[in-house]
1. Checking the structure you have, find out if any residue of the range 209-227 is over 28 Å from residue 132 (Cβ atoms) and not aromatic (Phe, Trp, Tyr).
2. Test residue 191 against the criterion of being among the polar types (S, T, N, Q), farther than 27 Å from residue 112 by Cβ and surrounded by 15 or more Cβ atoms within 10 Å (Cβ to Cβ), and give yes or no.
3. Given 92, 35, which one is under 24 Å from residue 122 (Cα atoms) and in contact (Cβ under 8 Å) with a residue 60 or more places away in the chain?
4. Answer yes or no as to whether residue 42 is aliphatic (A, V, I, L, M), touching a Leu at 6+ places or on another chain (Cβ under 7 Å) and within 30 Å of residue 172 (Cβ to Cβ).
5. Pairs needed: first member in the range 57-81, touching a residue at least 12 places away in the same chain (Cβ under 8 Å) and closer than 22 Å to residue 31 by Cα; second member anywhere, part of a loop (DSSP other than H, G, I, E, B) and among the polar types (S, T, N, Q); C-beta distance under 7 Å; at least 6 residues apart or different chains.
Amino acid sequence: MVDPSELYLGNPSLLDDPRLHGAPLIISLSGYAEGGQISDQIRETLLESLPHDVLARFDPDQLRDYRARRPHVRFVEDHFERVDTPELTLYGLTDPLGRHFSLLAGPEPDLQWNRFVDAVVDLAQRLDTSIVMNVTGIPMPVPHTRPFLVSVHGTRTDLVAQNHNQRPVAEMSSSMAQQLEIRFGELGLDTIGFTVHVPQYLADARLPQITVTAFEHVAAATGLTLPTDVLRDAGADVIQRIEEQVSGAPEVQAVIESMENRYDEVVEDTGQRSLLAGDESELPDADEIGAAVEAFLANQPEED
């Protein structure tokens, strides 16, 4: 196999900085079954709020299928400008209390998955990473009117056990983040994953409150202080706009009420933190959810 280190351009002085050694690593990759735009929000919020440096930048020409995911360009009056190619980058950050951590963020690779996994593992081992956290959002039949549920997974059984009292079994198409979690676990590194349940009818919307939920779980697992104030304010505005739209759509209200009933039964009666572990017989079927989504989107104002 070709040397995995040829996939990225690293900053040796920062990768060897003792302040980052033994720090946690957060992985948040966009592109696969993602809900609420959580990966973009995590990256943007952390980079806008906290001091950071680039530890390693991955080469998009080796990892991205440009014809499957074409870069966006901007046309201004009579010419094209600003090709927007999202970057896949490893950052080093410092929280307000001076605690360090790293963040791997950007689009999930299209190509060279095994080599990319080896590259990330090599970087994490070079940094002597203490724990690897995989943070994602997944569309689920849950209402926006209840606290967001989180599925917790990984090798840190003490942290997983605090959040689940059942052990479901499922088979699905894999993501890069899942493959990284598996490989780190095989190597004996501590891993913990937080998958926030995002309402299916809002899966494509930008939901700041799901990022708040993710940050709360990461903070509880690591002791990091992560920025949530701006997200909370933005989340309140989003919820208000959602309520205004839903109030005028009885068919959407009916589906949400069904989700609320199921949520209350599973969470309040059994104490479960994840609908993945429960009986879904009373949940709305795909046609009902699809109709709710169409009705909801039909009522959305057009973006400028």
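What follows is calculated from the coordinates using simple rules that are stated; it is not laboratory data. What you see is a predicted model, and the numbers here were worked out from it, not measured in a lab. Here the Cβ is made from the backbone with ideal geometry for all residues, glycine too, and neighbour counts use every protein chain on show.
1. If we filter the range 209-227 for residues that are over 28 Å from residue 132 (Cβ atoms), which is where we start, we get none.
Looking through the range 209-227, none of the residues is over 28 Å from residue 132 (Cβ atoms) and not aromatic (Phe, Trp, Tyr).
2. Numbers: among the polar types (S, T, N, Q): yes; farther than 27 Å from residue 112 by Cβ: no; surrounded by 15 or more Cβ atoms within 10 Å (Cβ to Cβ): yes.
Spelling it out, it is not the case that residue 191 is among the polar types (S, T, N, Q), farther than 27 Å from residue 112 by Cβ and surrounded by 15 or more Cβ atoms within 10 Å (Cβ to Cβ).
3. Working: 35 fails: under 24 Å from residue 122 (Cα atoms).
Step by step, each of 92, 35 is checked, and only 92 is under 24 Å from residue 122 (Cα atoms) and in contact (Cβ under 8 Å) with a residue 60 or more places away in the chain.
4. Details: aliphatic (A, V, I, L, M): yes; touching a Leu at 6+ places or on another chain (Cβ under 7 Å): no; within 30 Å of residue 172 (Cβ to Cβ): yes.
No; evaluated as a whole, the condition is false for this residue.
5. Matching pairs, first to second residue: 60/85; 62/112; 63/112; 71/85.
Condition check ((1) more than 22 Å from residue 38 (Cα to Cα); (2) without any contact (Cβ under 8 Å) to a residue 12 or more places away in the chain) across all residues:
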| site | (1), (2) |
| --- | --- |
| 103 | no, no |
| 118 | yes, no |
| 133 | no, no |
| 141 | no, no |
| 171 | yes, yes |
| 180 | no, no |
